[in-house]
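The values are calculated or read from the model by the stated rules, or taken from the named source; none is laboratory data. For clarity, every value in this text was computed on a predicted model and none was experimentally measured. Using ideal geometry, Cβ is built from the backbone for each residue, glycine included, and neighbour counts are taken over all protein chains shown. We work out accessible area using only protein heavy atoms, side chains counted, and drop any ligands, DNA or RNA first. Shrake-Rupley method; radii C 1.70, N 1.55, O 1.52, S 1.80 Å.
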Amino acid sequence: MRRLIAGTGWKMNIGATQAARYAAQLAPLVAALGDAIEMFVLPPFTSLPAAKQAFSSFAVGIGAQNMHWEASGAWTGEISAPMLVEAGCRYVELAHSERLEHFGETYDLVRRKLNAAVASGLTPILCLGETAEDKRRAVADDILNEQMSLALRDQPPERIPTVILAYEPRWAIGAAAAAAPDYAAERHRGLRKAVSDRFGAEAAAEVRIIYGGSVTPGNGEALMAHADIDGLFVGRAAWSAEGFADIAAIVARAAIQRKKQ
Ligand code: PGA
């Protein structure tokens, strides 16, 4: 049974002082959930020390939103995987659409980052998603397969379940509405099949595929009603502790529901 996930990326929001406040507000709201689900927050780099301290007392892991593929060296302005580990990170997000769009990152570059992340013991959260044009041309599944295959090319099958895949349709990020739950579930199924074809049925059965892109407390339940959606990855709706707690509660209810089935 796959452990469900509620995660949030803060993007370039929530500085150190605010991060401590967020954690203090979140703690009592999610205390009852215990370890029923996996939870993570991805603060900006400068908020990591505050977040490490503030989240240490309860079950929310912290991670970064990006990293460099080398461990150290002459790379002005960059941060490496060992530095993230030292800062208390358990996760690192890779290939977010804003990195691809505004910073020219490619999935080949993401492959190198992912290799460095796993070598340092970080859990990569690998974003995959089609553009609006890909969707219109009905090639979303092919695109997801290509992105996944390239980014994970150097990984052995047994490593796959340690990576979190995040289906994030690029047209649904920061948008007015999420993907329709049926549409998202179809992509998750297609992606799991692609993982199975490439890495085997066991890896595919175990790997978590979470959905991100305009998730809200209003649409989260319908998304989590689909068995192939293993969690919610949230931007705007979880930039307040209350918002993230609402999302975590939805995922926790889905976990209870699935255990009964
Ligand atoms: P959003 O962001 O929830 O604000 O659309 C999602 C994301 O960027 O992963």
Query raised in the report: Consider residue 261 against the criteria (1) of a type in the set (S, T, N, Q); (2) closer than 23 Å to residue 29 by Cβ; (3) over 15 Å from the mean Cα position of the chain (by Cα): it satisfies all of them except one. Which criterion is unmet?
Result: (2)
Report summary line: Within the stretch 160-177, the residues that are more than 16 Å from the ligand (Cβ to nearest atom) and either within 15 Å of residue 197 (Cβ to Cβ) or surrounded by 19 or more Cβ atoms within 10 Å (Cβ to Cβ) (or both) are 160, 163
Query - Residue among 84, 26, 109 that alone is in contact (Cβ under 8 Å) with a residue 60 or more places away in the chain and open to solvent by less than 60 Å² (accessible area, probe 1.4 Å) - result: 26
Requested in this report: Of all residues in the stretch 119-159, count the ones that are in a helix (DSSP H, G or I) and open to solvent by less than 50 Å² (accessible area, probe 1.4 Å).
Outcome: 8
Query raised in the report: With respect to residue 218, is the statement that it is part of a loop (DSSP other than H, G, I, E, B), within 15 Å of the ligand (Cβ to nearest atom) and within 26 Å of residue 260 (Cβ to Cβ) true?
Result: yes
**Report entry** Within the stretch 38-105, strands (runs of 3 or more DSSP E) holding 3 or more residues that are modelled with pLDDT of 95 or more and over 23 Å from residue 130 (Cα atoms)
**Finding:** 38-42, 61-64
Report task. Starting from residues that are more than 16 Å from the ligand (Cβ to nearest atom) and not basic (Lys, Arg), keep the ones in the stretch 7-21 and report whichever is least open to solvent (accessible area, probe 1.4 Å). Result -> 19
Query raised in the report: Among all residue pairs at least 6 apart or on different chains, which show Cβ distances below 6 Å where the first residue, located in the stretch 202-229, is open to solvent by 40 Å² or more (accessible area, probe 1.4 Å) and the second is more than 12 Å from the ligand (Cβ to nearest atom) and of a type in the set (Asp, Glu)?
Result: 217/246
Query raised in the report: Before we move on, is residue 235 in contact with an Asp or Glu (Cβ under 9 Å, 6 or more places away or on another chain), within 15 Å of the ligand (Cβ to nearest atom) and either open to solvent by 20 Å² or more (accessible area, probe 1.4 Å) or not basic (Lys, Arg) (or both)?
Result: no
Query raised in the report: Looking at the stretch 48-59, is at least one residue within 30 Å of residue 105 (Cα to Cα), more than 14 Å from the ligand (Cβ to nearest atom) and open to solvent by 30 Å² or more (accessible area, probe 1.4 Å)?
Result: yes
Report task. State yes or no: is residue 93 surrounded by fewer than 17 Cβ atoms within 10 Å (Cβ to Cβ) and of a type in the set (Asp, Glu)? Result -> no
Report summary line: Residue pairs within 7 Å by beta carbon, gap of at least six or interchain, first lying in the stretch 171-185 and free of Cβ contacts under 8 Å to residues at least 40 places away in the same chain, second within 8 Å of the ligand (Cβ to nearest atom) and outside any loop (DSSP other than H, G, I, E, B), listed first then second, are 179/172
Requested in this report: Could you run through the stretch 61-76 and say how many residues are surrounded by 20 or more Cβ atoms within 10 Å (Cβ to Cβ) and of a type in the set (Gly, Ala, Ser)?
Outcome: 2
**Report entry** Matching option when the condition is at pLDDT 95 or above and closer than 20 Å to residue 37 by Cα, among 208, 198, 189, 137
**Finding:** 208
Report summary line: Reported set for the stretch 208-234 where residues are of a type in the set (Ser, Thr, Tyr) and either more than 20 Å from residue 40 (Cβ to Cβ) or out of contact with any Phe, Trp or Tyr (no Cβ under 6 Å at 6 or more places or on another chain) (or both) is 214, 216
